[in-house]
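What follows is a single structure, written as structure tokens, with notes after it.
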Amino acid sequence: MTNTKPVLILGGTGKTGRRLAERLTSQGIPVRIGSRSGSPRFDWEVPATWEPAMQGVGAVYISYYPDIAVPGAAETVGAFARLAVANGVTRMVLLSGRGETEAQRAEEMVKASGADWTILRCAWFSQNFSEGFLVESLRQGEVALPVGPVGEPFVDVDDIADASFVALTEPGHVGQLYELTGPRLLSFADAVAEIAKATGRGIRYIKISHDEFTAATAAYELPPEIAWLLNELFTEVLDGRNETLTDGVQRVLGRAPKDFSAYANETAATGIWSN
Ligand SMILES: NC(=O)c1ccc[n+]([C@@H]2O[C@H](COP(=O)([O-])OP(=O)(O)OC[C@H]3O[C@@H](n4cnc5c(N)ncnc54)[C@H](OP(=O)(O)O)[C@@H]3O)[C@@H](O)[C@H]2O)c1
């Protein structure tokens with residue numbers, strides 16, 4: 001990557017992309033936000049917007065929306081990667097997910113595109129509890145999900161942003177797949193208990209059935225693809241297949257990943273979970 005060409009950050013206003021943009025900008029590396037609010041506008045659903053967004057950039061960070069586990073994501077991400085290579089943009093960092101058929105297919109598509117790739121295959125983000133769909137339930141004091149005691153190694157998005165920054169700015173990361181997890185397995189009940197402790201509030205966790213969850217998401221009028229996705233993640237992916245810790249953060253960053261309790265304490269201090 002040259003120091004003068006901007007990095008195109010797809011999802012550059014989202015959980016990981018926004019933090020990567022901050023890190024690059026603070027080091028004087030120009031960024032171009034690739035999203036519907038970027039300039040030029042980038043929209044995954046409008047392929048005609050892809051090529052203008054990639055003109056003159058030196059590298060791309062690919063965060064797909066709404067989720068790389070959604071059927072068809074692999075074809076779309078693959079088409080984008082091939083178009084970028086055809087436009088001379090070969091350096092790519094792909095944000096992927098663990099234990100998801102479609103995500104692993106998307107990884108293969110990017111590898112086959114001719115890109116100089118790095119893959120960050122990530123666990124559930126800790127920030128889903130503060131910047132995602134769970135924040136409102138936490139404020140209201142009760143989180144109800146169709147998931148039991150399975151352990152998930154929640155990863156902090158600051159670690160993902162640090163890893164993507166290093167991958168894009170330092171040599172030695174092309175052709176590397178890093179599986180990024182936090183340092184500890186927690187059930188969703190454990191995670192909610194950590195947040196309750198950090199906030200000093202009583203917040204309950206309840207395991208509900210898939211039917212109850214489907215009814216609850218319908219009541220919240222979530223877009224159908226998001227409701228489908230949540231059910232998919234809770235029924236398929238959280239079956240124990242990802243109940244392992246990895247050394248990905250240590251390998252890229254040379255330090256341990258951030259623990260969920262540090263995330264919970266820092267985030268509680270912002271007041272975001274206060275009702
Ligand atoms: N959340 C997790 O736990 C997790 C774990 C592993 C992997 N992942 C992967 O991470 C990726 C991002 O997920 P996230 O939950 O963190 O979301 P996010 O990055 O917070 O998503 C929001 C971003 O997507 C952009 N966006 C929305 N609609 C768009 C469209 N039609 N075209 C282009 N950009 C659009 C938004 O900007 P605008 O509104 O300006 O368009 C914003 O920058 C997904 O591919 C997911 O599979 C997530």
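The values are calculated or read from the model by the stated rules, or taken from the named source; none is laboratory data. None of these values were measured; they are calculated from a predicted model. Glycine also receives a Cβ, built like all others from the backbone with ideal geometry; neighbour counts cover every protein chain displayed. With ligands, DNA and RNA removed, areas are computed over all heavy atoms of the protein, side chains included. Shrake-Rupley method; radii C 1.70, N 1.55, O 1.52, S 1.80 Å.
Return the pairs, sorted by first residue and then second, in which the second residue is at pLDDT below 80 and in a helix (DSSP H, G or I), the first residue lies in region 205-231 and is farther than 22 Å from A189 by Cβ, the beta carbons are less than 9 Å apart, and the residues are 6+ apart or on different chains.
The qualifying pairs are A218/A227.
Tell me, which strands (runs of 3 or more DSSP E) lie completely within region 80-187 with 1 or more residues that are under 15 Å from Q250 (Cα atoms) and open to solvent by 30 Å² or more (accessible area, probe 1.4 Å)?
116-122, 176-180
Here are T217, T199: which of them is over 22 Å from A123 (Cβ atoms), modelled with pLDDT of 95 or more and polar (S, T, N, Q)?
T199
Looking at the structure I just gave you, is R91 among the charged types (D, E, K, R), over 26 Å from E131 (Cα atoms) and more than 8 Å from the ligand (Cβ to nearest atom)?
Answer is yes for this residue.
Listed residues S96, S130, S113; which is within 13 Å of the ligand (Cβ to nearest atom) and more than 13 Å from the chain's Cα centre (by Cα)?
Just one listed residue meets the conditions, S130.
Which is among the hydrophobic types (A, V, I, L, M, F, W, C) and either open to solvent by 60 Å² or more (accessible area, probe 1.4 Å) or in contact with a Leu (Cβ under 8 Å, 6 or more places away or on another chain) (or both), of A191, A227, A215?
Residue meeting the stated conditions: A215.
Name the single residue, out of those in region 61-77 being more than 9 Å from the ligand (Cβ to nearest atom) and under 23 Å from P6 (Cβ atoms), that is least open to solvent (accessible area, probe 1.4 Å).
Y61
Could you tell me which residue of region 1-60 is nearest to the ligand (Cβ to nearest atom), considering only residues that are of a type in the set (S, T, N, Q) and open to solvent by less than 60 Å² (accessible area, probe 1.4 Å)?
So, considering only residues that are of a type in the set (S, T, N, Q) and open to solvent by less than 60 Å² (accessible area, probe 1.4 Å), the one nearest to the ligand (Cβ to nearest atom) is S35.
Tally time: how many residues in region 53-76 are in a helix (DSSP H, G or I) and farther than 17 Å from C122 by Cα?
So the count comes out to 4.
Checking the structure you have, find out if any residue of region 208-223 is of a type in the set (V, I, T) and within 20 Å of the chain's Cα centre (by Cα).
No.
Output the number of residues of region 149-192 satisfying the condition of being within 24 Å of T13 (Cα to Cα) and without any contact (Cβ under 8 Å) to a residue 40 or more places away in the chain.
Selection size over region 149-192: 1.
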